[in-house]
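Novice: Below you will find the structure I want to go over with you.
The values are calculated or read from the model by the stated rules, or taken from the named source; none is laboratory data. Because the structure is predicted, anything quoted here is derived from the model rather than measured. Cβ placement follows ideal geometry from the backbone for every residue including glycine, while neighbour counts extend to all protein chains displayed. Surface accessibility is based on the protein's heavy atoms, side chains included, excluding ligands, DNA and RNA. Shrake-Rupley method; radii C 1.70, N 1.55, O 1.52, S 1.80 Å.
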Amino acid sequence: MSRKLFGTDGVRGTANLYPMTADMALKLGAAAGRYFRRDGSAAHRVVIGKDTRLSGYMFETALTAGFTSTGMNVFLLGPVPTPAVGMLTTSLRADVGVMISASHNPHQDNGIKFFGPDGFKLSDEAEMEIEALVDEGVEPAQALNIGRAKRIDDGRFRYNERVKATLPSGRRFDGLKVVIDCANGAAYKTAPEVLWELGAEIIPIGVNPTGTNINEKCGSTNTRLAAETVVAHGADVGICLDGDADRVMIIDEKGQVADGDQIMALLAARWAGEGRLARGTLVASVMSNLGLERFLAARGLVLERAAVGDRYVVEKMREGGFNLGGEQSGHIVMTDYATTGDGLLASLHFLAALADEGRPASEMVHQFDPIPQMLKNVRYSAGSAPLDAEDVRKVIADAEARLTGSGRLLIRKSGTEPLIRVMAECEDEALLARVVDDIVGAVQAAV
């Protein structure tokens with residue numbers, strides 16, 4: 001059975017268009033409610049958080065209706081980072097957590113992500129069972145067993161205290177001037193509060209959400225404003241979160257951007273030196289740069305690769321007993337402290353390293369020289385399968401042969417959009433461009 005609703009990170013799409021409609025959210029709430037209380041016992045709970053999108057009100061209400069119709073009691077957190085939902089699901093002893101967010105996407109998109117009672121995102125198998133319940137329909141609870149809903153006013157503060165507690169006792173950031181870009185998203189209050197409480201001098205941007213400006217010309221996918229602000233204010237470092245604050249990019253004092261690979265390299269090397277990098281291994285996705293792999297190997301460390309999506313990174317971490325992982329896109333996962341990518345948590349540990357070593361951020365974020373990498377996307381029509389075309393497969397096979405020994409090739413379908421992603425790495429930049437362009441041309445011809 002293939003999944004129709006769920007992609008690599010929950011259900012996602014344009015608000016008020018299938019599948020992101022109020023009706024579908026109600027059905028998903030009812031299906032997830034039935035899935036998590038199949039034993040029929042009482043006192044089942046769900047926590048629901050959201051980012052700052054206008055459509056979040058609609059989906060929050062619809063999900064609440066679906067869950068309460070099956071007898072689930074709903075705790076509404078309001079705007080909180082995605083990792084806060086994972087944390088509070090366990091803290092509040094809930095059976096399921098839900099985050100309403102489309103992460104780094106524009107405001108007109110939204111999504112629904114589910115967390116299990118252990119605070120981790122659901123497996124593919126669990127999502128397929130919930131899809132089946134959506135298709136079959138769910139018998140509602142009897143009138144006397146309908147669930148209740150209530151607001152939880154201190155959810156943000158619980159999360160704030162949890163992330164601060166991951167730092168060594170007494171750790172402060174006095175003397176550091178930090179630009180914090182919250183993308184007008186879920187961490188617009190949380191991140192400035194935490195950094196200020198830890199003593200940093202903060203320059204906040206992207207902290208005035210309107211419901212329609214999330215990720216707009218700001219945040220981890222558009223770092224120009226943060227970079228300009230760092231340079232203009234003579235800041236030591238910039239932190240750029242995305243709309244739901246589960247990923248981060250770091251800006252050095254010169255305005256240069258460091259991606260998740262550089263952050264992971266820094267943390268892995270530090271943790272290994274302190275003897276706390278589990279099994280000497282970092283887990284990253286197939287998109288992470290070959291330079292990261294070589295950096296780790298030179299230090300006797302191992303890079304394990306997982307499928308794209310921080311959920312799959314976490315699954316591999318749990319399977320192998322590893323405690324550090326992430327993605328080039330800025331998801332940094334530290335399972336000693338959190339169940340999913342956490343941009344603020346990663347930022348705090350980067351700042352701790354910065355304070356410990358007393359070196360400028362530009363030195364801290366340049367851990368290795370990346371191998372030249374090129375990524376191009378090709379949009380395709382629903383129902384078409386360009387990667388199955390014989391001509392495309394021949395071009396891909398030829399490209400793989402040309403890159404043998406000097407680079408690597410990755411071709412995949414996006415899990416959230418109708419795109420073919422063509423990514424290659426090679427030390428020979430001319431060969432890199434030819435290989436990618438050849439494949440893109442073949443895919444476009446087959447669309």
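Novice: Just add up the charged neighbours of Leu225: K/R +1, D/E -1, any other residue whose Cβ is under 9 Å from the Cβ of Leu225.
Specialist: 0
Novice: Using the Cα centre as the reference, give the magnitude of the dipole from point charges on the C-beta atoms of the chain (Lys, Arg: +1; Asp, Glu: -1; all else neutral), rounded to the nearest 20 debye.
Specialist: That gives a dipole near 880 debye.
Novice: I need to check one value: relative contact order of the chain, counting alpha carbon pairs closer than 8 Å and at least 6 residues apart, in percent.
Specialist: 13 percent
Novice: Now for a different question. For labels at Arg379 and Ala307 in the simple 7 Å Cα→Cβ model, what's the distance in nm?
Specialist: 2.6 nm
Novice: Taking a 1.4 Å probe, which of Arg408, Arg359 shows the most accessible area, and what order do the others take after it?
Specialist: Arg359, Arg408
Novice: OK, next. Under 8 Å for C-alpha pairs, at least 6 residues apart: give me the relative contact order for the stretch 175-299, rounded to a whole percent.
Specialist: The normalised contact order for the stretch 175-299 reaches 22 percent.
Novice: Counting only C-alpha contacts under 8 Å and six or more residues apart, can you give the relative contact order of the stretch 1-99 as a whole percent?
Specialist: In percent, rounded to a whole number, it is 31.
Novice: Something else now. Averaged per residue, what accessible surface does the chain expose to a 1.4 Å probe, in Å²?
Specialist: Ligands and nucleic acids excluded, the figure is 40 Å² per residue.
Novice: Label-point separation (nm) for Ala143 and Thr61, each offset 7 Å from Cα along Cα-to-Cβ?
Specialist: 2.4 nm
Novice: Put +1 on the Cβ of every Lys and Arg and -1 on every Asp and Glu Cβ in the chain; which of Tyr312, Ala232, Phe75 then has its Cα farthest towards the positive end of the dipole?
Specialist: In the chain, that residue is Phe75.
Novice: Restricting to the stretch 267-422, what percent of DSSP beta bridges are antiparallel, rounded to 5?
Specialist: 60 percent
Novice: Taking the simple approach of a point 7 Å from Cα along Cα-to-Cβ for both Asn208 and Asp154, what is their distance in nm?
Specialist: The answer from the label model is 3.3 nm.
Novice: Which shape class applies to the stretch 244-322: rounded if a/c is under 1.5, otherwise prolate when a/b exceeds b/c and oblate if not, where a ≥ b ≥ c are the square roots of the Cα gyration tensor eigenvalues?
Specialist: Here the stretch 244-322 falls in the oblate category.
Novice: Determine the sum of side-chain charges near Arg3: Lys and Arg each +1, Asp and Glu each -1, restricted to other residues whose C-beta is under 9 angstrom from that of Arg3.
Specialist: -2
Novice: Roughly how far apart, in whole Å, are the Cα centres of the stretch 316-382 and the stretch 47-87?
Specialist: Measuring centre to centre over Cα atoms gives 27 Å.
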